[in-house]
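One structure is given below, encoded as structure tokens.
The values are calculated or read from the model by the stated rules, or taken from the named source; none is laboratory data. Being a predicted model, the structure only gives us computed values, none of them experimental. Reconstructed Cβ throughout: ideal geometry from the backbone, glycine too, with neighbour counts over all protein chains shown.
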Amino acid sequence: MSVGGYGVDVHSGPPMMRHLNRVESPGPRTRVRLLALRLLALAVLLLGVNYLVWRWTASLNWDAWWIALPLVLAETYTFVDVALFAVTVSNARTRSLPNPAPPGLSVDVFITTYNEPVDLVMATARAAQRIRYPHNTWILDDGSRLEMELAARNQGIGYITRGPEWAGRPRHAKAGNLNNALVRTHGEFILILDADQVPAPEILDNSLGYFNDRRVALVQTPQYFANVPAHDPFGSQAPLFYGPIQQGKDAWNAAYFCGSNAILRREALMQLGLARYVKETERRLVRALKAAKSVIRRARRRPEARNPIVARLLAEVGHAMVAARSDLRAGATFAEVTYRVQERVSAAEAAGAADHMSMRSSDRDAVASLGADLPVDFDDEELDTAVLRLTRRDLSPLAAMGSVHALIEAVSVEGRSEAQAIMPLATISVTEDMATSMRLHAFGWKSVYHHEILAHGLAPEDLKSMLTQRLRWAQGTVQVALRENPWFQQGMSVAQKLMYSATMWSYLNGFATVTFLAAPVLFLVMGILPVTGLSAGFFARFLPLLAASQLLFLVSSLGVRTWRGQQYSFALFPVWIAACSTAVRNVCFGRPLGFAVTPKVRQASGPEWGLMKPQLWAMAVLLAASGVALVRLSVGVGDIFGTVVNLVWVGVDLALLGVVIPAVRHGLRPAEPGQTSEAGIA
Amino acid sequence: MRRDFLRCDIEWSGRNAVVKIHGTLNRVSAQNLRGAVRRSIDAGAKLVVIDFTALESIDSSGMGALVGALRSARLADRDLRIAGLNPRVLHTFKHVGMDRVLRPFDDILSAIAAR
């Protein structure tokens with residue numbers, strides 16, 4: 001049975017955040033509340049361990065292991081989720097007001113856009129111009145639209161678009177857009193805004209003071225959506241996340257970057273970019289030099305290698321690689337190692353080309369027909385660079401030997417496959433924000449969560465856009481969990497690792513939800529109980545845990561409405577499962593994430609029930625199972641007490657899933673003019 | 001000396017350009033370095049040596065510009081080396097692992113002579 005199933009970390013409930021328009025100062029009431037939270041957190045941890053130990057050791061119905069085991073695993077998962085939540089909120093800090101912003105700092109305000117309407121971007125940009133603290137405003141237009149450029153210039157707003165160096169190279173979406181702008185500006189601090197996030201004039205005055213601490217790299221402020229009705233049909237607001245959760249993470253110095261409404265220190269970002277460059281270059285060199293021997297060996301087996309010129313060249317490349325490997329081991333720098341290899345290969349090629357010119361024409365043809373080579377252990381990007389670079393070497397016989405060529409390419413410091421050598425914002429995930437802040441923390445930088453709404457954005461207005469957005473967040477988080485799992489990163493404290501894990505963990509809850517839906521159905525229809533009995537022992541252990549965890553949740557979210565968030569974290573189980581499976585395929589097998597392009601304009605001409613098919617089916621099955629159970633009882637089959645317990649469980653499932661009905665019906669509401677469906681997704 | 005100031009003097013010894021940088025190499029002044037390296041390469045320098053002896057401090061943007069300069073030199077089939085870093089600059093350099101990328105030579109002559 002579920003111990004509460006919050007999955008609360010990133011997807012939380014409706015509005016009512018206006019009260020936080022001023023930063024509260026910590027008073028005696030918050031101290032009492034914090035004490036209560038800590039006691040409740042302790043109770044939840046103890047009661048949870050007590051319950052789970054009993055569940056694993058004394059309650060499993062092995063006759064129905066195929067449901068008993070998934071259920072106990074799902075319960076364990078949920079307990080870990082709740083425990084991480086408890087650790088987070090039990091330390092939630094209310095920061096006192098920061099120092100006033102010192103005068104004379106230089107700040108760039110970046111507004112990122114891809115295809116949002118020009119009017120919408122300009123509304124944000126004009127508001128950004130009105131920010132009181134002196135700054136430069138820039139529109140970062142990844143769509144390179146002429147109308148956008150004209151509108152920006154007319155207002156005296158800077159306009160930045162990708163340079164020619166990005167042509168034919170990976171663009172890295174929003175991270176790439178920001179990285180491109182970083183090399184074209186030089187402000188000490190950067191305020192990042194999504195196209196729809198209209199900033200308040202005081203946004204910099206109220207946040208720059210934190211940077212008096214030279215180790216602070218990031219100040220994140222809440223994301224609040226102005227176009228969301230009070231009942232928040234799509235669960236767009238996240239008052240629990242932009243509240244107790246970020247405040248809790250903040251206390252462990254783990255408040256993280258959420259992509260918009262945040263101020264970053266350029267020095268910290270550039271440092272990340274440099275450290276990354278060093279690491280990636282080393283990795284590429286070591287890999288290439290390791291592979292060199294087998295690449296050369298395979299190339300020498302090819303018939304073309306019988307040509308003495310080619311054979312000589314291959315031998316020389318092989319020697320150069322062996323020498324480079326030992327140089328690198330002996331502590332030579334990347335610049336030296338690569339320079340020597342390139343020089344040696346160039347010299348050999350020059351000699352080869354001279355011989356080549358003196359050859360008979362038939363021999364020349366033989367050399368020219370060196371077909372495509374065997375594939376090697378480089379990724380596509382590295383092989384692409386071989387295609388990119390055929391200027392100096394295209395006369396060389398090596399030019400035709402793809403793998404040898406790619407090998408020589410890889411032994412370089414240029415990183416030709418990327419548009420920029422230095423990529424300050426992480427490009428390993430579609431959610432560059434979380435990955436970047438984790439690297440900042442690993443590097444010893446501090447972050448701040450500033451609990452005051454300083455920008456008003458627009459949330460997606462149709463169901464499909466909302467689902468696409470959630471899928472993207474989830475995919476990005478799982479990508480980071482797989483590519484740069486916090487537990488394998490050096491430099492972070494255990495608490496910081498726990499805080500990042502809490503967010504990642506919460507995105508796995510789709511699998512638990514399926515179990516929590518299936519278990520009561522199995523009992524009601526077939527009488528299969530995954531536990532050995534609904535004994536007094538079960539309730540004595542389970543009910544106190546349930547009460548303590550609900551109470552913890554209640555106290556931690558005092559003053560904010562979180563029911564909608566709980567509903568969505570449960571009801572969007574198909575999205576979470578899809579996110580996990582696509583992200584795993586992407587990271588492990590290099591397949592594209594393949595999320596649908598978010599539609600520009602509100603799509604719905606009628607209610608889109610099809611988008612919520614799995615949830616609607618689940619509800620139908622739950623209702624049908626309840627009917628079957630009642631029939632079973634009326635004919636004297638089935639246990640009354642067990643049926644009642646499971647019907648209550650079904651009731652909870654239905655109340656959580658029920659959110660999909662108003663969500664789909666919301667699609668019928670006519671769109672308000674001037675609002676777009678895609679806002680807030682960038 | 002002003003905070004964001006960087007002066008770049010280019011001297012030639014044969015086909016090698018020595019770019020002597022004075023002041024601070026940081027987020028604002030980094031473009032001066034990029035410009036000086038580009039000019040040296042365009043003028044046909046086979047090797048560009050950056051003389052750090054008159055450089056007081058460097059930040060991450062400055063080191064980023066250095067990587068950018070190395071990259072553009074290599075893309076043009078030239079080389080770039082650095083020499084004469086003061087202890088403070090060297091410390092900043094090592095902190096992010098830049099000493100794995102570029103060898104900080106003691107002086108210009110050994111930078112030019114190295115293979």
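Just a few scattered comments:
- In segment A:438-476, the residue that is surrounded by the fewest Cβ atoms within 10 Å (Cβ to Cβ) out of those that are of a type in the set (Ser, Thr, Tyr) and within 21 Å of A:Ala195 (Cα to Cα) is A:Thr468.
- Top-ranked residue in segment A:329-346 [being part of a helix (DSSP H, G or I) and more than 10 Å from chain B (Cβ to nearest Cβ); ranked as surrounded by the fewest Cβ atoms within 10 Å (Cβ to Cβ)]: A:Arg329
- Residue match in segment B:32-49 (condition: within 12 Å of another protein chain (Cβ to nearest Cβ), of a type in the set (Ser, Thr, Tyr) and either over 24 Å from A:Ala275 (Cα atoms) or out of contact with any helix residue (DSSP H, G or I) (no Cβ under 6 Å at 6 or more places or on another chain) (or both)): no
- Lone qualifier among A:Val121, A:Val109, A:Val32 - being touching a residue at least 12 places away in the same chain (Cβ under 8 Å) and either surrounded by fewer than 22 Cβ atoms within 10 Å (Cβ to Cβ) or in a helix (DSSP H, G or I) (or both): A:Val121
- A count restricted to segment A:422-463 and to residues that are β-branched (Val, Ile, Thr), closer than 17 Å to A:Gln271 by Cβ and either at pLDDT 90 or above or in contact with an Asp or Glu (Cβ under 8 Å, 6 or more places away or on another chain) (or both) stands at 2.
- Filter pass, B:Ala45 being at pLDDT 95 or above and either under 22 Å from B:Leu90 (Cα atoms) or surrounded by 16 or more Cβ atoms within 10 Å (Cβ to Cβ) (or both): no
- Between A:Ala288, A:Ala275, the distinction of being more than 14 Å from every other protein chain (Cβ to nearest Cβ), under 45 Å from the mean Cα position of the chain (by Cα) and either assigned to a helix (DSSP H, G or I) or within 23 Å of A:Ala348 (Cα to Cα) (or both) belongs to A:Ala288 only.
- Index of the failed condition, B:Asp59 passing every other in (1) over 23 Å from A:His186 (Cβ atoms); (2) at the interface with chain A (Cβ under 9 Å from one of its Cβ atoms): (1)
- Any hit, segment A:169-177, residues being over 22 Å from the mean Cα position of the chain (by Cα), within 30 Å of A:Lys249 (Cα to Cα) and away from chain B (no Cβ under 14 Å): no
- Across segment A:441-449, a minimum of one residue is classified as on the phi < 0 side of the Ramachandran plot, in a helix (DSSP H, G or I) and in contact (Cβ under 8 Å) with a residue 40 or more places away in the chain.
- Flag for A:Thr643 being modelled with pLDDT under 90 and surrounded by 18 or more Cβ atoms within 10 Å (Cβ to Cβ): no
- Filtering segment B:1-37 to residues that are buried (at least 21 other Cβ atoms within 10 Å of the Cβ) and assigned to a loop (DSSP other than H, G, I, E, B) leaves B:Asn26, B:Arg27, B:Ser29.
- Filter result (aromatic (Phe, Trp, Tyr) and outside any helix (DSSP H, G or I)) within segment B:88-115: B:Phe105
- Qualifying residue in segment B:74-83 (condition: more than 10 Å from chain A (Cβ to nearest Cβ), modelled with pLDDT of 95 or more and within 13 Å of the chain's Cα centre (by Cα)): yes
- Residue count for segment B:38-58 under the criterion of being in a strand (DSSP E or B) and within 18 Å of B:Arg71 (Cβ to Cβ): the result is 5.
- Condition met for A:Val637 (over 26 Å from A:Asn115 (Cβ atoms) and at pLDDT below 95): yes
- Complete set of residues in segment A:243-272 that are assigned to a helix (DSSP H, G or I) and closer than 19 Å to A:Asp213 by Cα: A:Gln247, A:Lys249, A:Asp250, A:Ala251, A:Arg266, A:Glu267, A:Ala268, A:Leu269, A:Met270, A:Gln271, A:Leu272
- Any chance A:Ala268 is within 14 Å of chain B (Cβ to nearest Cβ), more than 14 Å from A:Val219 (Cβ to Cβ) and aliphatic (A, V, I, L, M): no
- Tally of residues being closer than 13 Å to B:Val37 by Cα and of a type in the set (Ser, Thr, Tyr) across segment B:57-115: 1
- Residue that is nearest to the other protein chains (Cβ to nearest Cβ), among those in segment B:90-104 that are crowded, with 20+ Cβ neighbours inside 10 Å and either in contact (Cβ under 8 Å) with a residue 60 or more places away in the chain or closer than 16 Å to B:Asp51 by Cα (or both): B:Leu102
- Between B:Leu66, B:Leu70, B:Leu85, the distinction of being part of a loop (DSSP other than H, G, I, E, B), closer than 28 Å to A:Leu285 by Cα and not hydroxyl-bearing (Ser, Thr, Tyr) belongs to B:Leu85 only.
- Scanning segment A:46-96 for residues that are touching a strand residue (DSSP E or B) at 6+ places or on another chain (Cβ under 9 Å) and free of Cβ contacts under 8 Å to residues at least 12 places away in the same chain yields one hit, A:Leu69.
- Scope segment A:533-561; condition part of a loop (DSSP other than H, G, I, E, B) and either modelled with pLDDT of 95 or more or buried (at least 16 other Cβ atoms within 10 Å of the Cβ) (or both); matching residues: A:Leu534, A:Ser557, A:Val560, A:Arg561
- Residues that are surrounded by 21 or more Cβ atoms within 10 Å (Cβ to Cβ) and over 16 Å from A:Ala323 (Cα atoms), drawn from segment A:279-294: A:Thr281
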